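Read the structure below first, then the notes.
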Amino acid sequence: MNRLDLLVAPWAARDPDRTAIEGTDETLTYEQLDQLANRFASALLASGILAGERVGIHMPRSGRSVAAMLGAMRAGAVYVPLDPSSPPARMSLIARDCALRHVVISPALFAGWRAAGVLEPVEHVFLSADSPPLDAPGSRIHPWAEIAAESPSPPAAPGSDPDALAYMLYTSGSTGVPKGVMLSHRNALSFVDWTADWVDLRSDDRVSSVAPFHFDLSIFDIWGSLSRGATVVVVDEAAVTSGRRMLDRIHSTGVTVSYCVPSALMLMLENGGLEERGAPSLREVLFAGEVFPMKHLRRTMAALPRARFYNLFGPTETNVCLAWALPGVPEADTSSIPIGLPSCGDVATVVDPGGRPVAEGEVGELLIEGPTVMLGYWDGGRRTPARHPYPTGDLVARRPDGAYLYHGRRDHLVKIHGFRVELGEVEAALNAHPGLREAIAFAVGQQLVAVTVPEDGSVSVLDVKRHCASRLPRYMVPGDVRLVRALPRTSSGKVDRVRTRAAYLDGDTQVLDPAHRAGN
Amino acid sequence: MITRVRTELREYIVATWLSGDPRGFADDTDLQQAGVLDSFSTMALIAHLEQAFQIELEPADVNAETFRSVETISQMIAGRMPRPKESR
């Protein structure tokens, strides 16, 4: 299979009653998913969608949203998963950037679009569920009943080019304007096939869907599972904000494979009782997206002694390009684990700022070449092709065994009084403090700031500074250390650095609620 | 006199470099080992001391020994300040 839209039909023919997607309130078999995808494709074609046009998918994660993605591709279009938790203003930027004429949307989210006037480029609105009659000036509303009544037969002219654009993921650009990353069928399948083989994904597996669909981790959850005839188990948006409910869902559904950000696993550790309850069904645990603080990784692995753990690495622009299977629980004095060996057919090089390859052990920027590298950025339709090899902006060093170690983001390199400071190194020191749950560092003018979340009330600012001073050069000890109750997170569950810094600058104690108040 | 200097100095350091969190901070805390003072914060502290206590510090006053702790700084400052008239 060389296209995402071809993955489901063979399983639907072979084993129609096998469960494809287990949602919280609707379960679709492979046959039902296949047919619903064809209904969406027919509805889109009937409304005049053109080959290569974008279809916005804006709804909670569910079987219907996967069917809409499949249907969009089968109609020759490109699916654009939109973040259900993003404000309408951001949706408006994206809708205009990719000239969305067609959206598949839940009635509740559609109400938000209408209220905020996002509708401007949208001509056809396909509602993903029953709702009272709705109207919208300039747009044609297609009620759910109309889609459900479409013919389930496959569209007449399916696409065949594996290098065609399959989907776009909008990521936050450094300028604040979301950037559309263009990915082809081949990009996705190079990652999905390699990874599914690597973790030995089988048709009896039950794969959690924790990551939002606009986040690249979901590509494995959906297409990895559907390529192997496995079942996707949706852990809904409300459950992923609670460690206890997330673990409840894993227990009750018998999830065997889970791919998520370390923050999600840490939530189950801190608030879900993972250490007491375990998760006996979990066989493979994959994580990516951020550095897993070592002490939490060790606790998570100890709580799941039968599971294998994998660290995956790669920006949205390259899917996954490095991967590392952990040989066992890291020793107590381990400061970091590798981000991996080259994977998915990709080739890695490490270069200095002049573009020359660096020696083994030296830190430089990671460049990636291979089948997972995106087609390019959508860029308002200008379609800027990807640079080859693709410069990731990540600083790494290669070990003698070929594995790469992470040294932070190139743009996390700041200068404090002329000294080069890698914020990742400051954060690694902070995270090694036994009393801190998590921490991030950033520069404000010539001052280094650390915003940290203590485990309990016993940690003081002085403790944190003293700890840093014992591990870091003096110029890397944060001048201002804040102890707060929690760090803001992005919709994908990662620590939101931009919002943390903005809240610090604004003195916003709603976002950064002090864990200790002066004078207490 | 020295008590006032100590209190003032402690409050200034806690407010400026410890985000107002005085826990664990004592007059004999080693300011360099604790990561509170480096060369830049020491310069800022000197400027503050000169202004707050109306004194001028000589280069010889500024060294790792005198700037070790609140206690050592307070002693040095008390020695630089004009003696108050005997009040009783």
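What to note about this one:
- Per-selection Kirkwood Rh - the protein assembly as shown (Cα, Å, 1 d.p.): 26.6 Å
- With the convex hull constructed from alpha-carbon coordinates only, segment A:228-378 shows a mean projected area of 11.4 nm² over all directions.
- Structural descriptor for chain A: relative contact order 10 percent, calculated from alpha carbon pairs under 8 angstrom and at least 6 residues apart.
- Label-zone membership for segment A:225-252, site A:A486, 7 angstrom Cα→C-beta point, backbone N under 11 Å: A:241-243
- Distance between segment A:309-384 and segment A:442-520 - C-alpha centres, whole angstrom: 28 Å
- Under 17 Å from the A:L413 label point (7 Å along Cα→beta-carbon), backbone N, segment A:359-398: A:359-368, A:391-398
- Relative to the 2.2 N^0.38 Å rule of thumb, segment A:82-159 has a C-alpha radius of gyration ratio of 1.16.
- Reach of A:K465 by Cα under 13 Å, taken over aspartates and glutamates that are not fewer than 8 positions away in the same chain: A:E427, A:D480, B:D21, B:D30, B:D38
- Entry for chain B at q = 0.25 Å⁻¹: log10 I(q)/I(0) = -1.46, Debye formula applied to identical alpha-carbon scatterers, no solvent contribution.
- Cα centroid of segment A:172-225 to Cα centroid of segment A:24-76, whole Å: 17 Å
- Two-site label geometry, A:A136 and A:D25: point separation in nm, points 7 Å out along Cα→Cβ: 2.0 nm
- Ranked packing of A:343-350, A:86-93, A:28-35, most packed first, by mean Cβ within 10 Å: A:28-35, A:343-350, A:86-93
- For chain A, the longest principal axis of the C-alpha atoms and the axis of helix A:30-46 are separated by about 70°.
- Shape box of segment A:231-318 [Cα atoms, principal axes, largest first, Å]: 35, 27, 22
- Amide proton proximity set for A:A486, modelled H, under 5 Å, gap of 5+: A:D513
- Under conditions of 4 °C and 1.567 mPa s, segment A:40-105 yields 110 µm² s⁻¹ as its translational diffusion coefficient, taking Rh as the Kirkwood radius over Cα pairs in the Stokes-Einstein equation.
- Cα gyration tensor category, rounded, prolate or oblate, for segment A:172-244 with a/c compared to 1.5: oblate
- Restricting the calculation to Cα atoms, segment A:1-129 yields a radius of gyration followed by a Dmax of 14.6, 46 Å.
- Extension gain from A:R499 to A:R356, taking 0.36 nm per residue of separation minus the Cα-Cα distance: 47.9 nm
Values quoted throughout were computed directly from the atomic coordinates according to the rules given, and no laboratory measurement underlies them. Keep in mind that what you see is a predicted model, and the values were worked out from it rather than measured. Virtual Cβ from ideal backbone geometry, glycine too; neighbours counted across all protein chains shown.
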